[in-house]
1. Given the -39500 (n - 2.57) contribution per DSSP H run of 4+ residues, what per-residue ellipticity at 222 nm results for the chain, rounded to the nearest 500 deg cm²/dmol?
2. For the range 206-362, I need the span (max minus min coordinate) of the C-alpha atoms along each principal axis, in Å, sorted largest to smallest.
3. Of the peptides 257-265, 140-148, how do they stack up when ordered by the mean number of other Cβ atoms within 10 Å, highest first?
4. Which FRET efficiency value, to the nearest 0.05, is calculated for THR148 and ASN77 with the Förster distance at 22 angstrom and r the Cβ-Cβ distance?
5. For the range 165-211, compute Rh as the Kirkwood radius over C-alpha pairs and then the Stokes-Einstein diffusion coefficient at 10 °C and 1.306 mPa s; write the answer in µm²/s, rounded to an integer.
6. Give me the three principal axis extents of the range 133-279 from the C-alpha atoms, as integers in angstrom, largest value leading.
7. Go ahead and collect, in residue order, the members of the range 234-268 whose backbone nitrogen is under 17 Å from a label point 7 Å along the Cα-Cβ direction of GLU293.
8. Calculate, for HIS334 and TRP487, the FRET efficiency according to 1/(1 + (r/R0)^6) with r their C-beta to C-beta distance and R0 35 Å; round to the nearest 0.05.
Amino acid sequence: MKNFRMIFLMIAAAMIIPASCKSRVPADLTTTAIIPRPVNVTGAGEAFKLNANTAILVDAGSDEILKTGQYLASKLNAITGLAIAVNEAKSEPEKGSIFLTLSDADQNLGEEGYSLTITKQLVKLSAAKPAGLFRGVQTIRQITLKDTDSGNPGKFIIPGGTITDYPEYSYRSMMLDVSRHFFGVEDVKQVIEYLAFYKINTFHLHLSDDQGWRIEIKSWPNLTAHGGSTQVGGGKGGFYTQEQYSDIVKFAADRYITIVPEIDMPGHTNAALSSYPELNCNGKATNLYTGTEVGFSSLCTKKEITYKFIDDVVREISALTPGPFFHIGGDESHATKVEDYIPFINRVQDIVARYGKKVIGWDEIALSTLKPNSVAQCWASVENATKATAQGAKILMSPAKKAYIDMQYNESTPIGLHWAAYIEVDDCYNWDPATYIPGITKENVIGVEAPMWAETITKLDDIEFLMFPRIAGIAEIGWTPAGLRSWDEYKYRLAKHEEWFDIMGINFYKSPKVPWEK
């Protein structure tokens, strides 16, 4: 009797499965796990199927758009196993193609916005600017799915519908500290590649600190020869040649990511003070430092050689960095008297302006007289942030209790610190830059950044573990309007990105706050 029942059930299932496959509709675009969440998504009951004949077409005559098309092709080919080619569109795009164009785009989409229309015949990605096409390419990557609905396992589709999308903030960033522990060029490039996937457009490199000087300055060569020779714990250290740094800048620019270099001053400067005794008020070089304490070092703010040094450093780095900003640090200068700190920061701002850059500094720089177009990076002090906005400066939101992704997730996290807070994935997501500080509104805020300090991390796996999945949430805070963000909805989209983490080989923290699918 049991065997007969089993046979009956198998026959019934065999009759049902083909019928249900035939009646299913392709995956719904509105339920795809896009991070950051787009501004507007509508679905359609059809899908674009990728196959051996699929091609990517781009506007004729633009090497920049061609390069974006080739980038998309390389990413899709790696996932699908196809050999999608990239060609210039001759007239109307052919059926069965993915078309990238700047023609007839809505100019209100701005620098990074895009629109995406997907039918059975065509995927059309349009934008007003090339950066918008590149951001839209990341969406195409995220919505390219295995075709599980039409009985073609192993095949890939792009669900049909439309997306209109643009960022809430113009500045969306992560900082990597390469001073306390040094990370090589390839590791830095991999981090930049991850940021591109989540539409982050700025990468802040913390290039100097007490423990190491990490960028070659040709006019002051001992900064790297001596000051770059070690790191926290006494390891070998390292530095970037100017050619290597330029390579990083170009790699980022190809992904429409702006590099912001930081040379911290007047504190966090022991590596420089150890390299050149004349930068010390007593004329004696300090010893190299491999610990993690802060606040004990200071450039001699009353010596003219100090400003010659800063001028040379800013000049050389600015010449290698096409972006608009230069970060001067300015935090935790406990060894600098406030009456010396204020004129120092004022004078350094003049030096930065001389080389065509705008100043960013940690929120302590608000004690000085800020120049127009300056940015104060709010990490700790509400009072300093308020002083900055009172002077007309913009605020870059990086509250340590929410956005410092070097903090441990919880007490059992093997790496990271917790002096600011334990920051679980939901804590990192559940805040709004426009309301975080009373009296500071969206009009005052340029954007959001997630800093990662490197006291406890030594390799790319460590960066990934602290970065993921929190950086995806920071990306959404910067891109998606607050009214469209909800942890209770976001956590399910984030859960589906476990597959992306696996595809990209990311060592991520599997938070119990997220309903992971595996």
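1. Details: 16 runs with 175 residues, N = 518.
That calculation yields -10000 deg cm²/dmol at 222 nm.
2. 45, 36, 26
3. Numbers: 257-265: 24.0, 140-148: 18.3.
By packing density, highest mean first, the sequence is 257-265, 140-148.
4. Taking R0 as 22 Å, the efficiency between THR148 and ASN77 is 0.60.
5. Approximately 134 µm²/s, per Stokes-Einstein.
6. For the range 133-279, the Cα extents along the three principal axes come out at 71, 31, 24 Å.
7. In the range 234-268, the label zone of GLU293 (backbone N under 17 Å from the point 7 Å along Cα→Cβ) covers 234, 267-268.
8. Efficiency for this residue pair is about 0.40.
The values are calculated or read from the model by the stated rules, or taken from the named source; none is laboratory data. Computed from a predicted structure; not experimentally measured. Glycine gets a Cβ as well: all are built from the backbone with ideal geometry, and neighbour counts include every protein chain shown. These area figures cover heavy atoms from the full protein model, side chains too; ligands, DNA and RNA do not enter into them. Shrake-Rupley method; radii C 1.70, N 1.55, O 1.52, S 1.80 Å.
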